[in-house]
Amino acid sequence: MVSVARAGVTPERLVLAGAELADEVGFEGVTVSALARRFDVKVPSLYSHVRNSRDLKTRITLYALAELADRSAVALAGRAGRDALIALGTVYRDYAREHPGRYAAARLRLDPETAASSAGPRHAQLMRAILLDYRLAGADQVHAVRLIGSTFHGYISLELAGGFDHSEPDPQESWERIMDALDALLRDWPAASPEVAS
């Protein structure tokens, strides 16, 4: 075992190592003790950087949300409507394939204060920016953001779990058809029924 200082452990390195570990073993498998083994240091020595495993996982979640938001912003630059919708979906899907543990971390429920100061609101803003081209506002915009997020996450989760491994047609073809269907739905958004509107 070496000292934390000698191992070069900083809060930033600890979070990055935790994110890498999440991709290797799954987000559930990330613990302070697992990271201590990775750095070859004693577990108590890491508590100067993180309070416990929950704190570590929260920091990994914040890291993943920011990383994914940055990638999304780059992909959406100069795009609108269908092109933006597909670009955002592709970023989420590619990120999940490249970093399955971090993608799972990005789904962790945060307390309201932490969530408000995270990159989570940026994700909602990016989705709302897409919807400008579809001319949705108010409650319809909220419903549409929820629909897009649910569609992306649902498909990606099933794909990551191997749900489409041995079936035809090819999952990429299904993904493209789903993007087309989402675009068509957003362009022809149903009016609220009188019962819902009142």
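The values are calculated or read from the model by the stated rules, or taken from the named source; none is laboratory data. Quick caveat, the model's predicted, so the values are computed rather than measured. With ideal geometry, Cβ positions are generated from the backbone for all residues, glycine too; neighbour counts draw on all protein chains shown.
Key figures for this structure:
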| read-out | value |
| --- | --- |
| Leading residue by the ranking (surrounded by the most Cβ atoms within 10 Å (Cβ to Cβ)) among those in the range 1-18 that are of a type in the set (D, E, K, R) and modelled with pLDDT of 65 or more | Arg13 |
| Qualifying residue in the range 2-19 (condition: touching a residue at least 60 places away in the same chain (Cβ under 8 Å) and either under 30 Å from Asp188 (Cα atoms) or not in a loop (DSSP other than H, G, I, E, B) (or both)) | yes |
| Condition met for Ala36 (modelled with pLDDT under 95, among the aliphatic types (A, V, I, L, M) and within 30 Å of Asp133 (Cα to Cα)) | no |
| Extreme residue, farthest from Ala124 (Cα to Cα), among residues of the range 45-66 that are touching a residue at least 24 places away in the same chain (Cβ under 8 Å) and not aliphatic (A, V, I, L, M) | Ser45 |
| Spans of helices (runs of 4 or more DSSP H) in the range 67-185 with at least 2 residues in contact (Cβ under 8 Å) with a residue 40 or more places away in the chain | 81-98, 100-105, 120-131, 138-160 |
| Test: residue in the range 40-54 that is farther than 30 Å from Thr151 by Cα, at pLDDT below 95, under 21 Å from the mean Cα position of the chain (by Cα) and assigned to a helix (DSSP H, G or I) | yes |
| Within the range 20-39, considering residues that are assigned to a helix (DSSP H, G or I) and among the β-branched types (Val, Ile, Thr), the one surrounded by the most Cβ atoms within 10 Å (Cβ to Cβ) | Val32 |
